[in-house]
Amino acid sequence: MKTIGRILIILAVFSALSALMVLAVNASGGSSSAPDFDGAPPQFEGQEGREGFRPEGGETRPEFGERGERGGGWMFGLTKNLVVISLLVTLIVLPKSIARNKKKRAIINPVNNGVS
Amino acid sequence: MANETQRPVTSQTKTKLWLDVLIFIAFLVTMDPHSSGIAIHEWLSLAMIGTMVVHLLLNWDWIIQLSSRFFGNVGKQNRINYILNWLLFIDGTLIMISGIMISEVALPAVGIQLPAGFAWRRLHDMSANLGLLLLGIHTALHWGWILTAFQRYLVQPIAGLFSTKQKEDAAL
């Protein structure tokens, strides 16, 4: 019963935040500013039956799931995200750890570290 | 008596650890929809709502304690953690709601069609990138706990297996 209550609280906060976000986006007119694009490739028609100009390399646009299959792209995406997280962890944990070690050393050996 | 009170805490820590590992891996997979495919991206993200609720339930006592004593004497680290966790929750909600608004597979599969909005797509991308940064900071702030839990529930049991085998070999 207690757990159900807690779940309901979490979902209520989630719903309230969601409603606020929807209201904010609708109020700013964000949802109506969608560009006129339905996902279909543009048709290039030539004049009087001739084939029209088609930009180079624009045959097909890769869809989700197709892009990474050839060149190990999925590995790149995953590695990139892991590197970002690792960098953040290193940048935060390392200075903290160095400072803690310095403090420890100062407590153990106060004379050498200038602590009286 | 001590063992009786210690056992549930230990098993809860273990559950927390493996759930967090699961959430972390799922987050990495969902962060790259080009490789996983849009269907996995959407269904896994929706499933993550459930795991996030369990994650919050497992840390409920800490949330309540900090909420009631936020302006009291709780320490700088705890206060930063608390604010960061709220930011993560708000950002997670934004990722979810914007993802639902631009859903191409999951929502149409249950018969719901929402008008596509360019703003929602941009919000989804921006909040996901912000989420990655917040998750990195969240991981960094809990690094001590992560290391201790891994040491206790992964490294030590494996090392224990080898040392037991060595002892058995030596006895033979």
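Some notes on this structure:
- Secondary-structure-derived ellipticity at 222 nm for chain B, considering helices only, amounts to -27000 deg cm²/dmol, per-run term -39500 (n - 2.57) for DSSP H runs with n ≥ 4.
- Of the peptides B:90-100, B:75-85, the ranking by mean beta-carbon count within 10 Å, highest at the top, reads B:90-100, B:75-85.
- Straightening the chain between B:V21 and B:I158 buys 47.5 nm, computed as 0.36 nm per residue apart minus the Cα-Cα spacing.
- FRET efficiency, 1/(1 + (r/R0)^6) with R0 41 Å, evaluated for B:L57 and A:N109 via beta carbons: 0.35
- If R0 is taken as 30 Å, the Cβ-Cβ distance between B:W143 and A:N26 corresponds to a FRET efficiency of 0.15.
- Shielding of peptide A:85-91 by partners, expressed as the average count of other chain Cβ atoms within 10 Å per residue Cβ, is 6.
- For the stretch B:28-172, a/c is not less than 1.5, where a ≥ b ≥ c are the root eigenvalues of the C-alpha gyration tensor, and a/b does not top b/c. That puts it in the oblate class.
- Residue pairs exceeding 32 angstrom between C-alpha atoms, taken from B:K16/B:K165; A:K2/B:K14; A:K102/B:K165: A:K102/B:K165.
- Against chain B, whose longest principal axis comes from its Cα atoms, helix B:2-30 is set at around 40 degrees.
- Shielding of B:102-111 by partner chains, average beta-carbon count, 10 Å: 0
The numbers here are math on the coordinates, done by the rules we state, and not lab data. A quick note: this is a predicted structure, and the numbers were derived from the prediction, not measured. Cβ: placed from backbone, ideal geometry, glycine included. Neighbour counts: every protein chain shown.
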